[in-house]
Amino acid sequence: LLIRSVGTDGDRLPHTGMMSGTEAGDPVPSAALSSPDADNLMLMFGRQAPVRVRLDLDVGFDGEATSHNVVGEFDGSENLDQRILLGAHLDSWDLGTGAVDDGAGVALVLAAAKLNADLETRPRHPVRVVLYANEEQGVYGGKAYAKLHEADLANHLVGAESDLGADRIYRFKSLVLPGAEAVIELLATHLKKLGIERELAEPAGGGADVGQMRKLGLPVIDLDQDAVRYFDLHHTANDTLDKVNPRNLQQNLAAWATLVYVTANSTVEFGPVAPTE
Ligand SMILES: [Zn+2]
């Protein structure tokens, strides 16, 4: 199978992805052509002459291996059982360096936790950062964490994930019990100063990895990033650190630090919310 790259860029570096097996059988060896090269191929087809494409693909699969979620936590000032869960993923697609997907997310959740840990008085609740393993090939780390902590759901207060690049946050969404509304409103007041609007029309989803806990009933908050540039870079050889705009990253981090500060100092129950598929 040869497809036109589904990225949004005009570069000759194709956006790549994964082919899954279907009920009909094994996955088909697949490749993506960059948009300019796909256009060129279409022009060649228009000449009414035979077109030959030669593909040299490495589609070897060496079997499953073990990798690990990396988990860190700091205690809250009141040493409560319920922790804030912050997530991002450690792995990246092979072509780029993973600066945007998801190195930026890893940096954001770690920095947001550190800014709160370094306060003179730490927040009431503990804050846990989970850097998930192997999100890209099927959310393996997120699923493993949810399986391991299913019985431990009540010890998680609220969750959030960063996995859509390094640009500005423009809105946020929540999925919490009505009793937590005052805290969400307080968060909205602070985030508004960063130019971030509250979205009421849709509930938060929790992201690919943290969303696995949301399915079990974990309340979640989404800080939604401007992703206009994201699919120019995502899963391409162009996913490198020079694409990260420091000013946008600062605004993003300010939003994350605020989210942690407000939720980890709260005195309400955010969940559990209704489990979903
Ligand atoms: Zn990602």
**OP:** Would you check which residues across the stretch 107-128 are surrounded by fewer than 22 Cβ atoms within 10 Å (Cβ to Cβ) and among the aliphatic types (A, V, I, L, M) and list them?
**Re:** A107, L110, A111, L115, A117, L119
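Among the listed residues D94, D101, which satisfies the condition of being under 22 Å from N248 (Cβ atoms), within 16 Å of the ligand (Cβ to nearest atom) and of a type in the set (D, E)?
Details: D94 fails: under 22 Å from N248 (Cβ atoms).
It is D101.
Take the conditions at pLDDT 95 or above, within 16 Å of the ligand (Cβ to nearest atom), among the hydrophobic types (A, V, I, L, M, F, W, C) and not in a loop (DSSP other than H, G, I, E, B) and apply them to A144. Does it pass?
Working: at pLDDT 95 or above: yes; within 16 Å of the ligand (Cβ to nearest atom): no; among the hydrophobic types (A, V, I, L, M, F, W, C): yes; not in a loop (DSSP other than H, G, I, E, B): yes.
When the stated conditions are applied, A144 does not pass them.
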Subject >> Test: V220 is within 15 Å of the chain's Cα centre (by Cα), within 16 Å of the ligand (Cβ to nearest atom) and β-branched (V, I, T) >> reply: no
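Taking Y170 as the residue in question, decide whether it is within 16 Å of the ligand (Cβ to nearest atom) and not β-branched (V, I, T).
Working: within 16 Å of the ligand (Cβ to nearest atom): no; not β-branched (V, I, T): yes.
When the stated conditions are applied, Y170 does not pass them.
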Subject >> Which numbered condition F172 misses (of (1) more than 19 Å from L108 (Cα to Cα); (2) buried (at least 21 other Cβ atoms within 10 Å of the Cβ); (3) hydrophobic (A, V, I, L, M, F, W, C); (4) under 16 Å from the mean Cα position of the chain (by Cα)) >> reply: (1)
**OP:** For S92, indicate whether it is touching a Pro at 6+ places or on another chain (Cβ under 6 Å), of a type outside the set (V, I, T), under 30 Å from D226 (Cα atoms) and in contact (Cβ under 8 Å) with a residue 24 or more places away in the chain.
**Re:** no
Subject >> Counted residues, the stretch 57-79 - those being closer than 20 Å to D209 by Cβ and of a type in the set (A, V, I, L, M) >> reply: 3
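For the stretch 159-167, indicate whether the set of residues that are in a strand (DSSP E or B), in contact (Cβ under 8 Å) with a residue 12 or more places away in the chain and among the charged types (D, E, K, R) is non-empty. Before the answer, list the steps.
Restricting attention to the stretch 159-167, the residues satisfying the condition of being in a strand (DSSP E or B) are 159-161.
The next check asks that each one be in contact (Cβ under 8 Å) with a residue 12 or more places away in the chain; those that pass are 159-161.
If we keep only those that are among the charged types (D, E, K, R) too, we end up with 161.
Checked the stretch 159-167: at least one residue is in a strand (DSSP E or B), in contact (Cβ under 8 Å) with a residue 12 or more places away in the chain and among the charged types (D, E, K, R).
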**OP:** Spot the failing condition for L108; the list is (1) more than 15 Å from the chain's Cα centre (by Cα); (2) within 16 Å of the ligand (Cβ to nearest atom), and only one is missed.
**Re:** (1)
Original post:
Does the stretch 210-228 hold any residues that are within 18 Å of T263 (Cβ to Cβ) and in a loop (DSSP other than H, G, I, E, B), and which are they?
Top reply: V210, G217, L218, P219
Subject >> Residue ID - farthest from R124 (Cα to Cα), chosen from residues in the stretch 254-266 that are buried (at least 21 other Cβ atoms within 10 Å of the Cβ) and not polar (S, T, N, Q) >> reply: A255
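The values are calculated or read from the model by the stated rules, or taken from the named source; none is laboratory data. Remember, predicted model here, so these are calculated numbers, not experimental data. Heads up, the Cβs are rebuilt from the backbone with ideal geometry, glycines too, and the neighbour counts pull from every protein chain shown.
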